[in-house]
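A short write-up of the structure that comes next.
Just so it is clear, none of the values below were taken in a lab; they were calculated from the coordinates. Here the structure is a predicted model, which is why all the values come from computation and not from measurement. For neighbour counting, all protein chains shown are included, and Cβ atoms are generated from backbone atoms with ideal geometry for every residue, glycine included.
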Amino acid sequence: MPHRIIFSDIDGTLLNSERELSELTISEIKRIKNNIPVVLISSRMPDAMNHLQEELDIKDQPMICYNGGLILVDQKPVHSTFISPDIIEELDTFNKDQKFHISLYHNNDWFVPKMDFWANREANNTKVNPVVKSTQHVIQEWKANNKGAHKIMCMGEESYIDQAYAFLEDSFKDTLHLYRSKPTYIEIAHKSISKLTAIEMLLDSYFKIPISDAVAFGDNYNDIAMLQAVGTGVAVANAKPETLQVANVITLSGKENGVATYIQKNIL
C-alpha cells in the first residue's frame, strides 16, 4: 500500500521511556514531512501536543485531540464534540464523597478540583498545568456558555474506579465511550467520536486522500479501529494483544523507536 499520509498515536507509541521524542524519531519525521503529512492523534489536549508538533516541525499540520473529540486545522477547531454538563453533574453527584479524582477538559482548558497526586502526575506526564476550580463551578460556567467536556478523566484507586465505571456504563452506555487506559484510569469521551471518525473527516474534507493510502501507528485499544481501517495499520511491539492482532505490521516498541524505524525502512 502507498504511504501518502501518517497518523500517529503519542503515548506508548511515539514517545521513548522518558515520555519524550527521541532524536531518531525527530530526524525521521523531519526527513519525510515535506512530502508526507504527519498528523498526531491522541487523547491528549492541544497544549499537551503542541510542543511535540514544534519539535517535529509539523505545526502546519492538523491535530486530532481527545481521541477525535476536537480536530484543529491551522490551530483552529474545525470539529468539536463534547459531553453535556448534565452528565458531568450526575458523575459529580455519584462522587460526592470525592473517592476518586475528576479532571475536566475543554479545548485547552483543564480543570481539577485540587492539585492531588493524580493531577500532579498528569501535569508531569503532559507538561501542562491545570486550573484548580471546583467541578460544580465548572459545570455552572459550561451550562451558561453552552460548553461541555471534550474529555473527562477519572483517576483513583482501582476499587473506586471499578465503581465509577459500573455507574457510567449503567447510566450512559448509549452516550459515552469509556476507555480503561489503566486499572486506575477511565478516559471518557462522547460515543459518537473516535480516532477513526476524525481520520475519515480529515482525509475527506482536508487532505483528499483515500484511507487506503494512509498509515497509522498505535498501541492501545482506542487505536484498533483506525489500524483496521487504514491501508497500513502498524502496531508497536508493546501494544495490547488485541491491537497486535489487527495490525498489518508490527514494528519495534515505542521505547525502541518503533515508529521511526518503520519510517526509516519503508518510506524513502
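Could you state the angle between the C-alpha long axis of helix 23-32 and the longest principal axis of the C-alpha atoms of the chain, as a value from 0 to 90 degrees rounded to the nearest 10?
The helix 23-32 is inclined about 60 degrees to the chain.
Name the long-range amide H neighbours of Phe7: under 5 Å, sequence gap of 5 or more, or other chain; modelled H, no Pro or chain starts.
The answer is Val39, Val215, Ala216, Phe217.
Hey, what do the phi angles of region 219-235 turn into as Karplus ³J(HN,Hα) couplings, whole Hz, using 6.51/-1.76/1.60 and θ = phi - 60°, x for Gly and Pro?
9, 10, 4, 6, 9, 4, 4, 6, 5, 6, 8, 6, x, 10, x, 10, 9
Given 37 °C and 0.692 mPa s, how large is the Stokes-Einstein diffusion coefficient of region 37-91 in µm²/s, with Rh as the Kirkwood radius over Cα pairs? It would help to have the intermediate numbers written out before the result.
On the way: Rh = 11.9 Å.
In µm²/s, the coefficient rounds to 275.
Along its three principal axes, how long is region 164-235 when you only count alpha carbons? Whole Å, largest extent first please.
Its Cα atoms span 41, 25, 14 Å along the three principal axes.
Per q in 0.15, 0.31 1/Å, what log10 I(q)/I(0) does a Debye calculation on the alpha-carbon atoms of region 1-41 return?
The computed values of log10 I(q)/I(0) come out as -0.37, -1.14.
Hey, can you grab everything whose amide H is under 5 Å from the amide H of Gly69? Only 5+ residues off in sequence or another chain; H modelled, so Pro and N-termini drop out.
none
Over the alpha carbons of region 85-190, what is the largest minus smallest coordinate on each principal axis, giving the biggest first in Å?
31, 29, 24
Mind checking the alpha-carbon convex hull of the chain and giving the volume per residue in Å³?
Details: hull volume 31.7 nm³, N = 268.
Looking at the chain, the number lands at 118 Å³ per residue.
If I fit a long axis through the Cα atoms of helix 158-172 and take the longest principal axis of the Cα atoms of the chain, what angle between them do I get, 0 to 90°, rounded to 10?
90 degrees
Using the charge dipole of region 138-212 (Lys, Arg: +1 at Cβ; Asp, Glu: -1 at Cβ; taken about the Cα centre), state which of Ser205, His177, Ala189 has its Cα farthest towards the positive end.
Selected residue: Ser205.
Report the normalised scattering of region 119-268 as log10 I(q)/I(0) at q = 0.13, 0.14 Å⁻¹, calculated by the Debye formula with identical scatterers on the alpha carbons.
-0.80, -0.91
For region 36-96 and region 207-234, compute the distance between their C-alpha centroids and round to whole Å.
Computed from Cα coordinates, the inter-centre distance equals 18 Å.
Could you size up the charge dipole of the chain around its Cα centre, putting +1 on the beta carbon of Lys and Arg and -1 on that of Asp and Glu, and report it in debye to the nearest 20? Provide the component values of the computation, followed by the final result.
Details: 26 positive and 35 negative charges, 88 e Å.
With Lys and Arg at +1 and Asp and Glu at -1, about 420 debye.
Amide H of His150: which non-local residues (sequence gap of 5 or more, or other chain) have their own amide H closer than 5 Å, using H built in the peptide plane?
Ile83, Tyr105, His106, Asn107
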